[in-house]
Each structure stands twice: as C-alpha cells, then as structure tokens.
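Note sheet for the following structure.
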Amino acid sequence: MRDYAGSHSEAAFAELVRRHIDLVYSAALRMVCDSHQAEDVTQGVFVALAQNARQLTDHPVLSGWLHRTTQNLAANAVRTNVRRQTREQEAAAMNELLSAEARWEQIEPELDAALGELDEADRDALLLRYFEKKSAQEMAKRLGISAEAAQKRVSRAVERLREFFAKRGVTVGTGALAVVITANAVHAAPAGLAATISVAAALTGAGISTSTIITTTKTIAMTTFQKTVVAATVAVLAGTGIYEFHQNSKLRDQIQTLQQQQAPLAGQMQQLQRERDEATKNLAAAQREIGQARGDHDELLRLRGQVAATRQRQPAAAGSEAKANTAKAQSLAESPSIQFTPSADWKNVGNASPADAFQTLLWASLNRDTNALIKSLVWDTTAKAKLDALFAAAPEAVRQKFGSVDGLIFENLNNTPMAGFRVVSVSTQGDEATLLEEHQYEGGRVRQNSFTLHRQDDGWRIVLDENRLEKLGAYLSSLASQNVK
C-alpha cells in the first residue's frame, strides 16, 4: 500500500487486488445476488481503494475497510435496482390506466345498473370510497366498522362490479375499474345550480312563497291597508331573495372556477398515488406467492434428480440390488431413514440433499479428509469469529494439540466413537433446512442432535452456528481444565 501511495506502482496495486479480490467479490455477490452487479461493485471498491491510498497506508486491517466499502456500494446498487423496478411497475400501472380509460364509454351506460345490483352495505362503501373520495379511516368512522373491514367491503364491491361488466362483454381489471370510476363517475354540476336550489329551498322552508301568501289572503279578511302591507312585504322579501341569489351565484361561480382550475389535478394525482401504492402491495403479495410456488417446484425437481443420480450410480450387473438401492434413495428423498447406518458403510455421497451432506460430514471426520469437511460446512460469520477468539485464548498445549480450528472440529466429532447414525426428520423451507438425527455409540447408547443446513450453489452445507459454537467452546474448556498435553 505504501509503494502504491508513494510511487503509484502498478505492480503494488496488482498485488493488492490479487490478495483481496476474492473477499470483495464474495461479499458483493452475497449482498446483490447477481454476478454482473457483483463485478461492478468489486471494480468500484478497488477504484475507491486507489483514490484513498494515502489515507489507508497506516490502516491496521485493510480487509475491514474493503468490506465496509463493499457494503456501502452494494447497498447503493440494490437501491438503484429497486428504484428501477418501481418505475417499471408505475409505467405498467399507467398503461393499465390508459387502457381502462378507453373502456369508460362501455362502462358508463351500465354503471348505475351495476350499482343497483350491489347490496346496501357494499354500495355505501363503494360510494364513500370512489364517489365521495373518502379515506379508509373516514369510511370506517362513517360506517362504524374497522378500517380493514371497510377496505374489504370496497374490494368485494369492485369485484362484483367487474363480474357484472364481464357478463356484458366488458373486460377490465379491478384496479383499473376503480381508477376509471374515480376519474369519470362524478362530474361538476352546472354553475349556479346549487345556489338556485339553496335559495328555493330556503324560501320554501321559511313559508314565504307567493302562492302561500295569496292563499292566506283569500281566507282571512283584511283591510285594504293590511293587504297593502302584505304586498309590500312580499315584494321586499322577493327582492331581497333575488339580490342574495345573484350575489351567492357570483361568489359560487368564482369559487367553482378556482376549484376547477386547481382541485381536479391535485385530487387525481393523490388518487393515482394511492392506487399505485395499493397496486404495488398487491404485486408484492403475488410475487411472494410465485416465489413460494417456485421453491416448491425446485424442491420437487431436486428430489427427482437425486433419485435419477442414485439410479445411475448402481452397478448395471446387480439388477435386483440396484432396484432396491434406487427405491431406498427415493425413500430417503421423500421421508427420513429409519435404520441406523453403521460407520463402516459411511461414504462421501456429496451434498445434493441435507441427509447426503450430513453423511459426507461424518465420513470426512472419520477419514480426516479436510477438503470434504470444508465442503460440508458453512460458517455463521459471528460464530466463526467467536470460535477463532476462543481457540486463540486456549492454552498453548491445546492449540498445539489441534493445530487449527479444523483440527478441533475433527477431534470433537470423533471424541466419542460412533457405531452408526440415522436421519429422523428433515424439514426444508426455501434454502434453509433443519435435520434431526440420532447417533448410536458403542454399547448401544443413542443421542439425538439437531443441525441447521443452508443450500448454496454447489449443494447443502451444515451451518456452524451459535449452537455448535457453545458445544465446541465447552469442549475447549474441558480440555483446558484437564491440562491436555
């Protein structure tokens, strides 16, 4: 690092890249889950390293700085990808909206008939939501129910409307139907109509209509002077009402003009945003269901592949025995084994399934095959760091006895000779599995253990987690207390 910072030595920087590129690329791949993006992130990390070389010449642990930089750049890459997907979803929603707008001419003539087909509860909820544009909380308060129940009523009502139009040859999705109803179902009334109705209702409510006064004057004997007073009163009231009507009409026209200029755009934008959020939630739920279905399908294909591989490994000459072994392999794929497998029959069977990975681990421990052991394990990062610290703090005699953490694991697995093992159950969910097994020791004693496994590109691996760490730590402590030489 000092050579590169001082003289920009290409050879020195190439050596830095060679030493740390595997660490950086592996961390990037775990975070972004895409090899091409991981390459871009790796390149960005080493560009940042070159730019900050002078500040890092005295950095005690360069790998720590590289990992933190990788994490930051990977997070930026993931956020960029999420924003791109969101824009694509918004574009798809807008396309659906434009398509639905074209169907309004087909929906409009039948809309009120469709509303009439709904029961009162569903119709009230639909009118509040899309005609009066109330929120879920406002709907719930008005209807006296929870916000969730109100939203369910609205969803049910929209679905029934969609079915109504589908029977009449108008095909439209529920989301698009809701949007097009919101945008087109309610139109502004003619200017001045509200004022006209208000004045007429007020005069009628006050009991001062001309017909009522004329009728009253016919039934009550009045003097000429009284009649004159009544006529003058009617004229004054009528004039006042007309004047107020014109004033109110002008004010309402002005207010309505301003509202027509500003409110529709803002209201439509807010409504579209709410509809977009709801569509995004529905899309996310659908994607989760698709992912679960794909996981189940992949698991089925994996089990079928395991059965086929087992059949290919059987000798061609042993016809009946090959069929029996194939049936056994298929049974293992479908349900756990019930017989103990003696240690003499343990084999390196790879890690295509959780049961295979566990047997390979036992075989590697029994035969002290380091490569097979490493391929059967995957470390929990926190547990590995703690185990390294425990091993470093162990007495010198203990560390010399094992030489490394791998040697400690070998010794711990073989601490008590095992006569056999059997898999009791395997529970798989996505890329994680829980394997319950039983060890049979010499003398007939049986002990049950549970292991967590993680599926990687090359197969299943046993996770060395906090649970394994506690057992290895206890084993180290017992050796230290016994003064192992």
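The values are calculated or read from the model by the stated rules, or taken from the named source; none is laboratory data. Quick caveat, the model's predicted, so the values are computed rather than measured. Positions of Cβ are generated from backbone atoms using ideal geometry, with glycine treated the same way; all protein chains shown enter the neighbour counts.
General observations
- Condition met for LYS386 (among the basic types (Lys, Arg), within 38 Å of the chain's Cα centre (by Cα) and in the same structural domain as ASP356 (by TED's automatic domain parsing)): yes
- Pairs are defined by a Cβ separation below 9 Å, a sequence spacing of at least 6 or placement on different chains, a first member in segment 78-89 that is in the same structural domain as ALA28 (by TED's automatic domain parsing) and assigned to a helix (DSSP H, G or I), and a second member that is modelled with pLDDT of 90 or more and not β-branched (Val, Ile, Thr); the pairs so defined are VAL78/MET31; VAL78/CYS33; VAL78/GLN37; ASN81/ASP34; ASN81/GLN37.
- Scanning segment 158-189 for residues that are touching a residue at least 24 places away in the same chain (Cβ under 8 Å) and within 29 Å of the chain's Cα centre (by Cα) turns up VAL158, ARG160, VAL172, GLY173, GLY175, ALA176, LEU177, ALA178, VAL179, VAL180, THR182.
- Residue satisfying all of: in segment 333-375; in a loop (DSSP other than H, G, I, E, B), among the hydroxyl-bearing types (Ser, Thr, Tyr) and at pLDDT below 85; farthest from the chain's Cα centre (by Cα) among these: SER337
- The single condition among (1) assigned by TED's automatic domain parsing to the domain that holds GLN440; (2) under 36 Å from the mean Cα position of the chain (by Cα); (3) at pLDDT below 85 that GLN330 does not meet is (1).
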